[in-house]
Every structure is written in C-alpha cells, then in structure tokens.
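Since the structure comes first, as structure tokens, the remarks are kept for the end.
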Amino acid sequence: MFTTRPELVGTFGMVASTHWLASAAAMAVLEDGGNAFDGAVAAGFVLQLVEPHLNGPGGEVPVVFTPANGNPRVLSGQGVAPAGATIDHYTGLGLELVPGSGLLAATVPGAWDGWLTLLRDYGTKSLREVLDRAIGYARDGFPLIERAVHTISLVQDLFRDHWPSSAEQWMPGGVLPAPGGRFRNPKLADTWERLLAAAEAAGSDREAQIEAARRAWSQGFVAEQVDEFCRTAFRDDSGRDHAGVLTGADLAGWEASYEDALIVDFDEWSLVKAGAWTQGPVLAQQLRLLEGYDLSYVDGKPTAETIHLAVEAAKLAFADREAWYGDVPDVPLETLVSRAYADERRKLISDTASLELRPGSPNGREPLLPQHIRRGAANVPHEVAGAIGEPTVERTGATRGDTVHVDVVDRWGNMVSATPSGGWLQSSPTIPSLGFCLGSRAQMFWLDEDLPNSLAPGKRPRITLSPSMALRNGEAALAFGTPGGDQQDQWQLGFWLAHRAGLNLQQAIDSPMWHSNAFPSSFYPRAWTPGELVIESRAGVDVLAALRERGHQVVDAGEWTLGRMSAVARDSADGLLRAAANARGAQGYAAGR
C-alpha cells in the first residue's frame, strides 16, 4: 500500500513526535549518549516553544514509560485544582460551566515539575543539556508554523481588546507574524535561563541542580509572578472579566507523582494506560468490546463493518467515561475493562448507529450524568474544524482540541510515551514577565456536586491526554499516541486495529482515520452531535455510503485531515527499533538510526 514515508528501522534509538524540531532535539540528545528519558524531556521543552498553540510551560504532561528491564509506570504531571477552586465560588459568579479560557480555568501548571521529576529519576543528563536547545530557539528564533499563526489570527481581537500582554507577545508591532517566519520569545528564554541559573547555583550535583530548579519554579520567582498576575481580572468565555483563584501557595503545595499503570491483557499483547483521571481506559474498553469481531482491513483500508463496530464501541466506552471516570478512589475500573462487563455491553451494539448516550452499570451501580448532559443543553451541532482535533478558537479563546505528543525508545530498551498539553497561547493571557500563559484544564470539571469529575480543590480534572504503550509477551514493544482532545483514543484505536491487522507503523498511521462526535466534548461548551461520524474520504465512496445506510451522520473530513499519530517500537527478539510519524499537516517527523 502507499505510505507517505518509510517506516524507520534501526538499532541505536528512535524518536517520533508532532514537530520535526522536537524529534531532532531528542535524537541529538540520544546521539550525545543520553537515554530515552533525556531525549523525551529535551523534546518536551522544544515542543512548548514550537507548537505554542498546542502546549506551553504553563501546561501539563502525563507520561507512560517503561525503564529497561523494568515494569511500566505512569508519571502524573497534571496539576490539581487550586485551593480556592470550589463549586460555590464558580456558581456564585453565575457560572454553570467552568470557562474554557481565562484565569478561572487554570489548574496548577504541572509540566515543569513533571519533566524535571522524570529527568531526575530516570534520565542521565543535566538540566542544561536537555534545556539548551529550547533556550536557543526561544532566544535566536524558530519557524512559526502556519497553524499557530492561524490560531493567533482568530483571537487577535481578543488579544487587542482584552489580553494586551498576549497581543504584545504574539503580534509584535501590532501585526500578525508571518507563517514560517522566524519568531522569538525572549521573555521565555529569560525565564528558562533564570531557572537554569538557580539550578547551577546549587553546585555540580545533577540531582541537586534539578531540585533547585523545581523549587525556583514552585516556591520562587515563577510562583510569585503567577500569584500576582492571577489577582487581575481578564475576559474569559463567560463574556465577563474574572480574576483567577490560583496562588503561589498552590504551586508550592503540589509536585508531580508516580503511580501504577493500568495494564489490560489482549492475548500476547497488553495495553498500558494511565488511570481514570485520564480518558485513557476508554481505549481498553473499546478493545474489550471489539474482541471476537472480524475487524478487516483491505489494501490498508478499514471496511465499513470495521468502522461501524469501532464507532459503536466508542459510543459505549465514552458514555462510561462521562458517568464513571474522575480523580476519585471509587472508579470501578477493574470492572469497566473486564471481559464480563464487555460481554454485557456488547449486546447493545447493533447493525445500525445508536443515537443514545448509554453509560453502563458496573457492579450494579447506577450511572449519574451531569445536569448539563441530562437536559441536553450541549446537544447541538458544532463545526467540523473543531471536531477533527485541531484547535477551534472561539472569540474568547476556547479550544476543543489541543496537544502535542512524543515517543522515544533507546538501544537499552527504555521506552517513553508522553502527551504534553495546556498553556497554549489562546488559553489565557500571557504573563508578561515570564513569557508564557497558564492552562485551562479546569474546564473539564463539572460544577455539579458528587460526580466523579466534580470540581474540588486538590483534585485533578479528568483529562483527555492519553499516552499509550503496549507490551508483547510482557516486554515493552510499542509506544504511541496522538493529540486531538476527545479523539485521541479513537484515532489510537484505528492505529491499533490497523497495526494488529498486519500494517507496519507508518502504514497504520497513514491508514484512513475516523472518529465519532456522539458524546459530550470535554471542552467548553461541552457540545456533541448524536450519530455524527467524521471520516477521511480515502476510506472510499462505497464505505461512506454504507455507513450512511447504517444510520451514521457521515461528515467527509477530506483526504488527509484526521489524527497526528506518532509511534516507536522495539522487537525484543532481535533488538530492532522502529518509528513512524504522521505526515498530515506536514509537521510531525520520526528520526532514528
């Protein structure tokens, strides 16, 4: 079958990410003797700079990883809701949803501490060695991609009228930057260099330097300036100005943490995901529901039957996400990913498209959905541009899609999958002294009481970020992921099915993608369209027609529009390493040798 690029094969190291400069940075660190963790951290910092509309220093990062000869683990670099983020505070402001932009939507920024914690515990390089490339690009300039410029253009009036610090940073001289032109962020370079100076003032010990840099962020000048900035009111999605509730004390009281990975077995393969504080388990639920079906690919393309079954499984899994997932201890996760539960739920899949949101009753518990969903308030159509996972920017800066991704494997067998996000340039006004803005992940909380994903201080929102890994016969064999908000674990499903059907990594990424919008979005204003199926036209005219006959509201997304998958792999038998990256958008690249 046709592929946009070759699948890379080698023995030294492999990197795949959503931007060529990040992949190059990670590969340079590997060439300099670093391991996969060093490379991933270096790529993470470069991604914050070169994809500023998709992530930034004020965002977050979940990581799934396996150290060589070790067991899979998860790093949570997702910050929590501030101490002042109570339901009463938000409803007292007349809000029914947490705004999708502005200071009220900020959680504690977690990316810095997440990356540094991973570097300290599993990396080998100093902070300077993984940060210097990002600093160089920030100081000397980098090519600003067309999609970032387009995003700035959509919010330029908001920047000029309400977020002047963002206008100053992203529209120098009051004009839009040129797509592909050289762009600089000297304020961010200053911030990184100041953090690096604090690190190196602690002496020559690598870990001592990293700890000093963590403190300079959470207890030093970054926390102080975040606190001061959040006391000012700025415009957000509500159409009104609000100050934030995030404080320096919130930053000082939080740090990244490790936890056990969710591992779900499928014959010789095992899927590795983060827990139900992410949407990650829905991939396992979808695969459980699809066990026993003949999921065919013909000439590298899925059949109409394969797509129909996958979409109907997604509807059931994501309905469970809405009812059961959250950062709480009583999520019935073992039942949700079990074969017995899937056997019962599978009976709901028919030959025609369902138009209902049908969460299940694991262990006999009755599902409870938010009022916003129960009354159908979000049951409205939305533009396909937001549905395909790229940022859709409203007048006030809201987005329904976001994120970047990086996968790395090294010659020793270390493997990393990370999906950084948040703090994108349109999420919140730029903090002028720091050169970056805060995230808006709190928009994923509900303001109803007593739901798994209800807003509460010290709690993580149930995020869409969903890095993946797979074991084969108990050994780390595959790391993969994609940006795309609610679509992440649907596009990853398509990749998984294609790869298991015999396609190599690049063929599986290039294979036609699809997703459903038949469940509530995780992003403000939480819209959905029952029955809507967005699919690349390369699936074939006959396939699209067959899906319409089954009752799907088919939206032709064009030939090459869905997904931004990346993947790396390792064969433990011969030590060969592989990598592939998405060519859609002419941005993602794999590198290796």
> So, by mean Cβ neighbours within 10 angstrom, what's the order for 415-425, 285-295 with the highest one leading?
Replying inline: 415-425, 285-295
> If you place +1 on the Cβ of every Lys and Arg and -1 on the Cβ of every Asp and Glu, how big does the dipole about the Cα centre of the chain come out, in debye to the nearest 20?
Replying inline: 540
> Between GLU228 and ASP241, what length comes free when the chain is fully extended (0.36 nm per residue of separation minus the Cα-Cα distance, one decimal in nm)?
Replying inline: 3.0 nm
> How far is it, in nm, from the label point at ARG160 to the one at LEU176 when both lie 7 Å from their Cα along the line to the Cβ?
Replying inline: 1.2
>> Loop-only trypsin sites (Lys or Arg not before Pro) in region 334-363, please: DSSP not H, G, I, E or B, and at most 15 other Cβ atoms within 10 Å.
In response: LYS347
> What dipole magnitude, in Debye to the nearest 20, does region 185-283 give about its Cα centre under +1 on Lys/Arg Cβ and -1 on Asp/Glu Cβ?
Replying inline: 460
>> In Å², and per residue, what accessible area does region 459-530 have when probed at 1.4 Å with the other protein chains present?
In response: 16
> Given the Cα-Cα distance of ASP121 and ASN69 and 0.36 nm per residue of separation, how much length would full extension add, in nm?
Replying inline: 17.2 nm
>> Give me the mean projected area, in nm² to one decimal, of the convex hull enclosing the Cα positions of region 494-593.
In response: 8.3
> Can you pull the three principal axis extents for the Cα set of the chain, in Å, largest first?
Replying inline: 62, 59, 45
> Roughly to the nearest percent, how much of the accessible area of the chain is carbon and sulfur, given a 1.4 Å probe?
Replying inline: 48
> With charges set only on the Cβ (+1 for Lys and Arg, -1 for Asp and Glu), what does the dipole of region 271-349 come to about its Cα centre, in debye to the nearest 20?
Replying inline: 60
>> I want to make sure I understand the PRE zone here: with the label point 7 angstrom from the Cα of ARG548 toward its beta carbon, which residues in region 262-306 have backbone N atoms less than 17 Å away?
In response: 304-305
>> Can you compute the modelled spin-label distance between LEU576 and LEU368, with each label point 7 Å from Cα toward Cβ, in nm?
In response: 5.4
> What helices does the chain have that are whole DSSP H segments, at least 15 Å long along their own axis by Cα, and with mean Kyte-Doolittle hydropathy of 0.0 or more?
Replying inline: 20-31, 36-50, 304-324
> In the chain, with Lys and Arg counted as +1 and Asp and Glu as -1 at Cβ, which of these residues, ASN363, THR335, LEU104, has the Cα nearest the positive end of the dipole, that is, farthest along it?
Replying inline: LEU104
>> Restricting to DSSP H runs of at least four residues, report the calculated mean residue ellipticity at 222 nm for the chain, -39500 (n - 2.57) per run over all residues, nearest 500 deg cm²/dmol.
In response: -10000 deg cm²/dmol
> Extent of region 228-343 along each principal axis, from alpha carbon coordinates, in Å, largest to smallest?
Replying inline: 58, 33, 27
>> Take the residue pairs LYS273/LYS315; LYS315/LYS347; LYS315/LYS459 and return only those whose Cα atoms are more than 22 Å apart.
In response: LYS315/LYS459
> Straight-line reach from LYS187: which lysines have a Cα under 28 Å away, not including same-chain ones fewer than 8 places off?
Replying inline: LYS125
> Between GLU193 and ARG215, what is the label-to-label distance in nm when each label sits 7 Å out along the Cα-to-Cβ direction?
Replying inline: 2.4
>> Assuming 0.36 nm per residue, please report the length gained on full extension of the stretch ASP450 to GLU334 beyond their Cα-Cα distance.
In response: 39.6 nm
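The values are calculated or read from the model by the stated rules, or taken from the named source; none is laboratory data. Keep in mind that this is a model prediction, so the values were computed, not measured. In this analysis, Cβ positions are derived from the backbone assuming ideal geometry, glycine residues included, and neighbour counts consider all displayed protein chains. Areas reflect the complete protein model, heavy atoms only, side chains present, ligands, DNA and RNA absent. Shrake-Rupley method; radii C 1.70, N 1.55, O 1.52, S 1.80 Å.
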